[in-house]
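**Q** Structure below; questions to follow.
Throughout, read-outs are computed from the coordinates displayed, never taken from laboratory work. What you see is a predicted model; the values in this text were computed from it and never measured. Positions of Cβ are generated from backbone atoms using ideal geometry, with glycine treated the same way; all protein chains shown enter the neighbour counts.
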Amino acid sequence: MSLVPNIEVIAREPWLSFQLDGQYYAVLLNQVSEVIRDCAPTPVPGAAADLLGICHLRGNIVPVMDGRRRLGLSEVSPSDPASVRIVVFVYDTHRIGFRVDAVGDLLQPKVEAIELPLGRSGRVDDPVQAVMGWQGGFVALLDVARLCRLNQELQHVA
């Protein structure tokens, strides 16, 4: 499996953008099952520092990660707490909540606007697969499996 993403493949699908610490990120829309209001997850003793806990979502137990902690960003509270949401990702049979400061727009990347980040594509655990110029800045396009550390988990299952 190549760690270098194919830009043409990235540009085929729509992406859901969200904000964390003033920066924009996006994930493939087909890997988002829903967006819910923020909740207070039940803490899990001994869990990773970026795991806020678990919540019940229509009879399912869903782990909820802190997006700021996962990406190494400032842990200062967002300026508008009412905009905080949990984006629920779906990958294979896994459902993972990811707390974000705010949900943004749907993006349809254009091939010419996408660039591979230099010096990062060789890291197996790096969730940033590409960046896209957008609104005078950029959006980091994230790989859900790497973001939620599912690649390593799935390798142990196989």
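**Q** Any idea what the dipole of the chain comes to, in debye rounded to 20, about its Cα centre with Lys/Arg Cβ at +1 and Asp/Glu Cβ at -1? Display every interim value, and only then the final one.
**A** Details: 14 positive and 18 negative charges, 54 e Å.
Magnitude of the dipole: close to 260 debye.
**Q** Could you let me know the centre-to-centre spacing of the range 1-64 and the range 69-101, using Cα atoms, in angstrom?
**A** Value for the Cα centre distance between the two parts: 6 Å.
**Q** What is the gain in length, in nm to one decimal, between residue 105 and residue 138 on full extension, counting 0.36 nm per residue of separation less the C-alpha to C-alpha distance? Each step should come with its number before you reach the end.
**A** Values: separation 33, 0.36 × 33 = 11.88 nm, distance 1.35 nm.
Answer, rounded to one decimal: 10.5 nm.
**Q** Sticking with this structure for a sec: Would you compute, for the Cα atoms of the chain, the largest minus smallest coordinate along each principal axis and list the three values in descending order, in whole Å?
**A** 43, 42, 27
**Q** Which value results for Rg/Rh of the range 1-61 when Rg is the Cα radius of gyration and Rh the Kirkwood radius based on the inverse mean 1/r? Mind dumping the intermediate values first?
**A** Working: Rg = 15.7 Å, Rh = 14.9 Å.
Taking Rg over the Kirkwood Rh, I get 1.06.
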